1. I need the Debye-formula profile for the stretch 78-118: one equal scatterer per C-alpha, no solvent, reported as log10 I(q)/I(0) at q = 0.15, 0.18, 0.30 1/Å, two decimals.
2. Can you figure out the FRET efficiency of Asp159 with Glu243, using R₀ = 41 Å and their beta-carbon distance, to the nearest 0.05?
3. Just the number, please: Stokes-Einstein D of the stretch 196-269 in µm²/s, Kirkwood Rh from C-alpha pairs, 25 °C, 0.890 mPa s.
4. Based only on Cα atoms, what mean projected area does the convex hull of the stretch 176-219 have, in nm²?
5. Normalise the Cα radius of gyration of the stretch 146-269 by 2.2 N^0.38 Å (N = residues in it) and let me know the number.
6. Given labels modelled 7 Å from the Cα in the Cβ direction, how far is it in nm from Asp236 to Ala12?
7. Given all pairs of different Cα atoms, what value in angstroms does the Kirkwood hydrodynamic radius of the stretch 118-200 take?
8. Tell me, what % of the accessible area of the chain is carbon and sulfur with a 1.4 angstrom probe?
Amino acid sequence: KQAELHTPEAEAELATLDDVLARPAAEQAAALVHGSLWGNRADLGFRISSAGGDSHGAGTPPLVADDAEALWSLLPADSPATLCVVADNAGRELLPDLVLIDHVLRHGRAERAVLLVKPYPYYVSDATTEDVVDCLRRLTGAEGAAAGAGRRLWAAMADGRLAVRTHDFFRAPLPYQDMPGDLRREFAGATLTVMKGDLNYRRLVGDRLWPPTTSFADRTAYFPGPVAALRTLKSDVIVGLDEPAVAALDAQGGRWRTSGTHALIQVRR
């Protein structure tokens, strides 16, 4: 995991932050939420187009659902919000997650953030507390804007604005509908919980072959607060699409549900 943080690709992605974090806050927000979404695809980390307002950029695989506007509406500027982020993978996926949290805190979209990781890996790449520390060290050891983000995140941890927590439930093969009471209270106290990755999505909506037009809001109605999913598609499970979108995707051929070439941002308020 540490080796991945020091590859030329990771270096190039961190250098890109000099441009991203120099842009207006709204453009930063768009770029960073997509950087977190596509964090496990190295060629897409932090990508924004030269046009400025388009966070997809040329050649970026399409989103099958994009509720980014709804996500940010739950975290308005100067908000007394608490943001929970349930991490997925370590390494070059966790770095953009941390930079996104830095943006939220820096621009007053939340007063407090909680990053939830696994007590130890369920899969070998899963993010743990030790991986968070390694990523923060990597950020502060970088140059330019990445180092600034790292220093702000260390300071946020020191003063309590950023907490890193874990729970045994994250390594259990159970859906979030079966979460224990203490974890339910954690999520209930959040203004927004962001679920990262494919496995968290399957645990969130139920790991079954639902009709893709099944309502995302209905499948997550049990969740004790507003919830968002940032997910690259790597399994057949998907909900929340309309019939024309499904027909268009199926007409393209290929395995759009499982190939990692498509992604989604879904929000239930």
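The values are calculated or read from the model by the stated rules, or taken from the named source; none is laboratory data. In this text the structure is predicted, and so the values were computed from the model without any measurement. Every residue, glycine as well, gets a Cβ built from its backbone with ideal geometry; the counts of neighbours run over all protein chains shown. Heavy atoms of the whole protein, side chains included, go into the accessibility calculation; ligands, DNA and RNA do not. Shrake-Rupley method; radii C 1.70, N 1.55, O 1.52, S 1.80 Å.
1. These q points yield log10 I(q)/I(0) values of -0.34, -0.47, -1.00.
2. FRET efficiency, Asp159 to Glu243: 0.25.
3. Stokes-Einstein gives a translational diffusion coefficient of 196 µm²/s.
4. 3.6
5. So the stretch 146-269 has a normalised radius of gyration of 1.22.
6. Once both label points are built, they end up 3.6 nm from each other.
7. Over the stretch 118-200, the inverse of the mean reciprocal pair distance is 14.7 Å.
8. Of the solvent-accessible surface of the chain, carbon and sulfur hold 51 percent.
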